[in-house]
2 protein chains.
Amino acid sequence: MAQNNYYSQENHGPYQLFSLGDFQLEDGETIGNCNIAYSTFGALNANKDNTILIPTWYSGTSKIMEQVYLGKGRAIDPANYFIVIVNQIGNGLSASPSNTSGPWKGAKFPRVKIGDDVRAQHRLLTEHFGIETLALVMGGSMGAQQTWEWAVRYPDMVKRAAPIAGRARATSHNFLFIETLMYSLTGDPAWNDGNYVESGAVHRGLCHHADLWSVMGYSTKFFEREMYRNIGFSTLEDFRSGFMQNYFLPMDPNNLLCMARKWQQGDVSNLTNGDLASALGRIRAKVFVICIDEDRVCPPSDCEVDQKLTPDSELKVVQSQAGHLALFGLDPAYLEQVDDYLGELLTLPLQDKTGNPELIKGGLTESDLVGA
Amino acid sequence: MAQNNYYSQENHGPYQLFSLGDFQLEDGETIGNCNIAYSTFGALNANKDNTILIPTWYSGTSKIMEQVYLGKGRAIDPANYFIVIVNQIGNGLSASPSNTSGPWKGAKFPRVKIGDDVRAQHRLLTEHFGIETLALVMGGSMGAQQTWEWAVRYPDMVKRAAPIAGRARATSHNFLFIETLMYSLTGDPAWNDGNYVESGAVHRGLCHHADLWSVMGYSTKFFEREMYRNIGFSTLEDFRSGFMQNYFLPMDPNNLLCMARKWQQGDVSNLTNGDLASALGRIRAKVFVICIDEDRVCPPSDCEVDQKLTPDSELKVVQSQAGHLALFGLDPAYLEQVDDYLGELLTLPLQDKTGNPELIKGGLTESDLVGA
């Protein structure tokens, strides 16, 4: 299989690698010589309590998180925080089907879960940086899944959390949408059980994949009002091929499939024998559950289910006609509102929750936690 | 190609056929010996002014319209009205790729437009039944497209119109969704440019097609609250395969493609050189633009665009967590509200609009009408 040059330092860097060695996954398989790719911005303070962790969403890398969410004078400002943007396993920068050699490469890459990412990220932060406190974990969509997992799995470490447009447990509707995404790739005649000649051979499937995202990723108002003009595309077809298809076409289909499966299985209640209320009841962070009013992937009514089960939380609704992919930063109104919410969250005084964790955790003890 | 027995009198009848002879289409091609399939209920009165016309939606036939929308004591009651349910071209009962022989069969079936259906239906009503007045035209989704076309093309004939969850002009978002539906079929390795051995050979594409409808056809609340249990499916997978895939699997892919292309091109402003306001300004019917609050295919904000351009119209919003496919009648709350709206519309006294049609039509004369 030809090398895919899309996932390069030129396109997505600079990024560093942290080696986990042989990393055992929750489902039992092992990724040999597993690397996690990350980028940092700003400086860690002496107390090591000014870290903001940002995991990535489906198909995204640390680069877009940096470009869209970080900036001088913004809520997430490298002048004030030590910001670690960490690439999820399978995204092409961290260990992925496209960059793994030997028996785990390509279609043979093991099944990964959100919990695997969070355990790997925990090792990066604690072993490499010596960090035991996170001022904030935030992320969108699959980044929100990782944020939820962080807050549930390591409740004493996460002081604030802002999952944006993503669920603590993937919904049935998420499941079906992801099924169509996966079939767009595996149904391509060039798929060949994942052993395609090169990723570009699956170009028809990748274009269909992009079209599925165009349909679900935006609101109908986005198209009715031709909001794609705001980002430089003059016609629907320009936007469809020049933005959406052009975005997905260079990606590796096995990478996308690895992330899609992970998304589909995302469920913090894996830690509490399927009891979502118990899982979310463990959270000790102050949580802003941020959702987007016109989101068709994770609408506010869905996100509210998680928020209501989370002790010290508020539902914050962003108004954006862009829909789910407002996450990409293509609507300035979205960015302004998200910055306001994140700024508010970061300046909120934290309650002392060290006194009686059992009460906050609903009586759940560490030994009740499955697989932690 | 093997005969497809799905589109039979046993499954979808009883229905009758009306022959148009060789029927020339708007795009210039001709369907030889073109038949329109229809079912009637109730009796035409002496004044011939008690007719309700109901065209069909994408993939639907007259049978489901009868089963879901007609009934004793309901708004559309055969005791009070002469009801004509007419099958759209390409749906497998009227002239379609699956039932046409000779040079027009299968993949060679000509491109059909909404206007062709409405012209064919007009001939059925006027030539066969001698009907010059329609008490109501109503339909959902593509049936709404035909309803809009009827009201614009034959404004003196249509006294009331109720387009439900469908646009007078297909939107950009409709276009993209339909692109994904079409590719689900044409991207199947068994498609063979539409010359598949039998329709079942495209079963993977048909299942993907069904999944796309599952994702877009319902609201996320429908799944979050497991509303499929109300219609007898105990799990998501039951519903997905037992209801949605089972529904589409026996259909002919060329038939679906014929309807999909027609949907995508649906646009009443074809009659007025692309000016939607002029087209809708021609309407002299009393119009209830009915939409469904959780509809993801044609949400209320989209339907309102048409309503605001239609002179004597009201926007009527149905509350249903089923979403677009509430049209199927699987939510009793939807049926009750739609019946109320239709009942109200049917009993509203009609204004005399024969006095000064130019004012109502915004000064547009018959000679301004393109292709009428």
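For the reader, a short list of remarks on this structure follows.
- The Cα atoms of the range A:189-337 cover 47, 40, 19 Å along the three principal axes, with the biggest extent listed first.
- Each copy carries a label point for B:D275 at 7 Å from Cα toward Cβ; from one copy, the others' points are 6.8 nm away, ordered from shortest.
- According to the Kirkwood relation over distinct C-alpha pairs, the hydrodynamic radius of chain A is 20.7 Å.
- Subset of A:K72/A:K159; A:K159/A:K308; B:K159/B:K308; B:K72/B:K113; A:K48/A:K72 violating a 30 Å alpha-carbon distance limit: B:K72/B:K113
- Label geometry 7 Å along the beta-carbon vector: B:H128 inter-copy distances in nm: 7.2
- Beta bridges from DSSP with both residues in chain A: antiparallel share about 35 percent, rounded to the nearest 5.
- Extreme residue, positive dipole direction of the range B:206-301, given options B:P300, B:N270, B:M251 (C-beta unit charges): B:N270
- Computed over chain B: relative contact order in percent, which uses C-alpha pairs under 8 Å that are six or more apart: 17 percent
- Heavy-atom accessible area, probed at 1.4 angstrom with all protein chains present, ranks A:V317, B:V197, B:V84 as B:V197, A:V317, B:V84, highest first.
- Charge tally around A:G106: other residues with Cβ under 13 Å, Lys/Arg +1 each, Asp/Glu -1 each, net -1.
- Against the rule of thumb 2.2 N^0.38 Å, how large the Cα Rg of the range B:202-241 comes out: 1.20
- Reducing the range A:161-175 and the range A:250-278 to their Cα centroids gives an inter-centroid distance of 10 Å.
- Working note: 222 nm ellipticity from helices only, DSSP H runs with n ≥ 4, each -39,500 (n - 2.57), summed and divided by the residues of chain A, gives -9000 deg cm²/dmol to the nearest 500.
- Based on the Stokes-Einstein relation at 10 °C and a viscosity of 1.306 mPa s, and on the Kirkwood radius from alpha carbon pairs, the range B:287-330 is assigned a translational diffusion coefficient of 151 µm²/s.
- Distances between equivalent label points of A:P189 across the copies, with each point positioned 7 Å along Cα→Cβ, amount to 1.0 nm, shortest listed first.
- Peptide-level mean, for A:170-181, of C-beta atoms on other protein chains within 10 Å: 6
- The protein assembly as shown - share of DSSP beta bridges that are antiparallel (%, nearest 5): 35 percent
- Scattering curve values for the range B:1-80, log₁₀ I(q)/I(0), Debye with Cα scatterers, q = 0.20, 0.22 Å⁻¹: -1.09, -1.18
- Under a Gaussian network description of chain A, with springs only between Cα atoms under 10 Å, the residue in A:R74, A:R153, A:R284 that fluctuates furthest is A:R74.
- Relative contact order of the range B:59-128, pairs being alpha-carbon contacts under 8 Å that are 6 or more residues apart, as %: 19 percent
- Cα-projected label distance for B:S301 with B:H128, points at 7 Å along beta-carbon direction, nm: 4.2 nm
- Residues of the range A:229-244 with amide N under 18 Å of a point placed 7 Å along Cα→Cβ from A:A333: A:229-232
- Taking the convex hull of Cα positions in the protein assembly as shown, its mean projected area over all directions (nm²): 33.5 nm²
- Under the criterion of Cα pairs below 8 Å and six or more residues apart, the relative contact order for the range B:164-234 equals 22 percent.
- Isolated Cys in chain B, by beta carbon distance under 4.7 Å: B:C34, B:C207, B:C258, B:C298
- Measuring between their Cα centroids, the range A:24-94 and the range A:298-320 lie 24 Å from each other.
- Neighbouring partner chain Cβ atoms per residue of A:184-192, average, 10 Å criterion: 3
- Antiparallel content of DSSP bridges confined to the range B:38-166, in %, to 5: 25 percent
The values are calculated or read from the model by the stated rules, or taken from the named source; none is laboratory data. Every value quoted in this text rests on a predicted model; they were computed, and no experiment measured them. No Cβ is skipped: glycine too gets one built from the backbone with ideal geometry, and neighbour counts run over all protein chains shown. All accessible areas refer to the heavy atoms of the entire protein, side chains included, with ligands and DNA or RNA removed. Shrake-Rupley method; radii C 1.70, N 1.55, O 1.52, S 1.80 Å.
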